[in-house]
Structure formats: structure tokens, C-alpha cells
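Structure, as C-alpha cells:
The values are calculated or read from the model by the stated rules, or taken from the named source; none is laboratory data. Owing to the predicted nature of the structure, the values given are computational and were not obtained by experimental measurement. Using ideal geometry, Cβ is built from the backbone for each residue, glycine included, and neighbour counts are taken over all protein chains shown.
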Amino acid sequence: MRAAASAASASTAAPAAGPALPANTLALLKLREELITRHPVNALMRESPRALLQFFELYGHFAYGFAPFVCTLFTALKGQRAKAFIYDNLLDEMGCVDGQATAWDNQHGELYRRFLTTLRRTEVYRAHLSEADTAALDAASQRLSQQAYGTYYALVAEGHDAQSIGAFSGVEGWVAAEYPFWRECLATLGSEMRFVDTRTIEIHCEADVEHARVLDELIGEYAAGDRAADVHRGLLRGIEISQTLFAGMQEEMAGSGALAFAD
Ligand SMILES: [Fe+2]
């Protein structure tokens, strides 16, 4: 989940190094990003403060569960190159920053928890969501997260590095493109946002060219070799997991169990 803002965009065009990505791989990387950045959930968030606040609640457990997932992925990978990349990512998720002392509350899940805790204290939050709403959204968030990670963990347990990395990219790949939109939406909630701990949003908006470059380079190597089918299948399955998560959040935001796709 580490942010790679400019890199994510760049990665869909052309990686900075390594073999050129095949056209079908590039198409999947683009699909991975655009299916999220153009998801109907975004329109709901843009148009309704209540929907925006609901979304941040619904995303919570997915954010809390990301570091454990990256740890499992790291452990399961067999290739040393892939392992080295995911280890770097895991350190980021655990809040380890070069030159800074480690602190438990810099862990990315805890940063998101702090974001939600401070958001819930604002008047705009309390104007739109009751305590009962928060409890119901938290339960829904937990259910959606368990569903997403259940699928991810099962996929990683199949033991194919290329597929696991492709699926990881199915989530990692849209974060940097999507978080700046979340930051824009938060700004519309007014001056109270200065009291909200938005470090989790800022961190994931930061460019991290090197990490995204290495991940896409790795995908390119798989795609150019005899593991093209594995990495493409992983990308598709990762994209589907992300789509299922967002569709589930949209369903909860619509409140009726019916999907509300924009015309
Ligand atoms: Fe993260």
C-alpha cells in the first residue's frame, strides 16, 4: 500500500528501466488503475460528505490488514529478488523510515486508525454519522476486509511468485493515483480538517518512484519470460479483489443493498 504517486502513472506508460512491458501487460496495469480511479464510488464521495465519511470508515479494516498481508506475501515468496522488494515494502508498512527512530504508531494501519479516530471527533463527522452508523460501518468494513484478504491469502498460498506479485500490484497499483483524490475530498469538509491526523493520506500521496519502478520491472520480467500467464492471471485476480472491495463499499454507501452505478 505504499504510495507511489508519480510512479504509478509512469508505470502504466513505460517503466524507467528493465525490459519494455508487453502491450497486454501494460493494458492490465492501466486497467488496474483506471477501474479504481473511475469507480462510481468516487462520484459518491465527491458529491456527498456523508458518503465520503462512510467510505473512510469502510476502508478502515482493509488498511489495518495490509501490513499483515504484506508480511505473509514476503514469507511466501520464493524468489530472492521479489522477496527483497516486498521486504522494503513491508518496512514501509511498519513505519520504518530511513534516518528516523522506529515507532509503533507510525505503522500504516495505526496511522489510518489515528486518522479515523481524529476524523470521528469533528463536527462535520457527527453531523453526518451517528454512533450507530459508525458501529455498523465498522462491522461492514471488517466483513469486506475479511472477504478481500481471504481471497488474497488463498491466492498467495497457491505458491506462484509471479501470480502473487501480479495480484499485489492489483492493489498497490492504484493507491497512488487514488489517494490524492481522497485528499481533495477531505479538503471539502472544511477548516476542521486541520485537527484531523491525515498523515496516512499524505504518506500514500508521496511519490515513490523507485518502489513502483522495481515492482513494474519485476512484472515486466515475469511477463517477458515463461511466467507471463502467471503474472497476468495474478493481475486479473488482484484487480478483481480490488473491484469486489470497492463494489462492496459502494453497496454499503448506497445503504440499500442495491448498487448505484452512475449512468
Ligand atoms: Fe501503506
For the range 151-161, check the following and say yes or no: at least one residue is closer than 26 Å to L73 by Cβ, touching a residue at least 24 places away in the same chain (Cβ under 8 Å), among the hydrophobic types (A, V, I, L, M, F, W, C) and surrounded by 16 or more Cβ atoms within 10 Å (Cβ to Cβ). yes
Would the range 71-84 turn up any residue that is under 26 Å from L116 (Cα atoms) and modelled with pLDDT of 95 or more? yes
Checked against (1) part of a helix (DSSP H, G or I); (2) over 18 Å from I203 (Cβ atoms); (3) of a type in the set (D, E, K, R), K78 satisfies every condition except (1)
If you check D92 against the conditions, is it surrounded by 14 or more Cβ atoms within 10 Å (Cβ to Cβ), assigned to a helix (DSSP H, G or I) and within 16 Å of the ligand (Cβ to nearest atom)? yes
Those residues of the range 96-142 that are modelled with pLDDT of 95 or more, among the hydroxyl-bearing types (S, T, Y) and within 16 Å of the ligand (Cβ to nearest atom) come to a total of 1
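Go through the range 143-163 residue by residue and tally those that are of a type in the set (V, I, T) and farther than 19 Å from R81 by Cα.
Going residue by residue through the range 143-163, those that are of a type in the set (V, I, T) are 151, 156.
Then keep just the ones that are farther than 19 Å from R81 by Cα; that gives 151.
Looking only at that region, the number is 1.
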Kindly check whether there is at least one residue in the range 145-159 that is in contact with an Asp or Glu (Cβ under 9 Å, 6 or more places away or on another chain) and more than 16 Å from the ligand (Cβ to nearest atom). yes
Answer yes if at least one residue in the range 99-107 is assigned to a helix (DSSP H, G or I), out of contact with any Pro (no Cβ under 9 Å at 6 or more places or on another chain) and surrounded by 15 or more Cβ atoms within 10 Å (Cβ to Cβ), and no otherwise. yes
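Picking from V175, V196, V171, V231, which residue would you name as being under 24 Å from L53 (Cα atoms) and more than 16 Å from the ligand (Cβ to nearest atom)? It would help to see each step written out before you state the result.
Numbers: V175 fails: more than 16 Å from the ligand (Cβ to nearest atom); V171 fails: more than 16 Å from the ligand (Cβ to nearest atom); V231 fails: under 24 Å from L53 (Cα atoms).
Just a single option satisfies the conditions, and that option is V196.
Among the residues of the range 87-116, write down those that are of a type in the set (S, T, Y) and over 20 Å from the mean Cα position of the chain (by Cα).
Hit for the range 87-116 is T102, nothing else.
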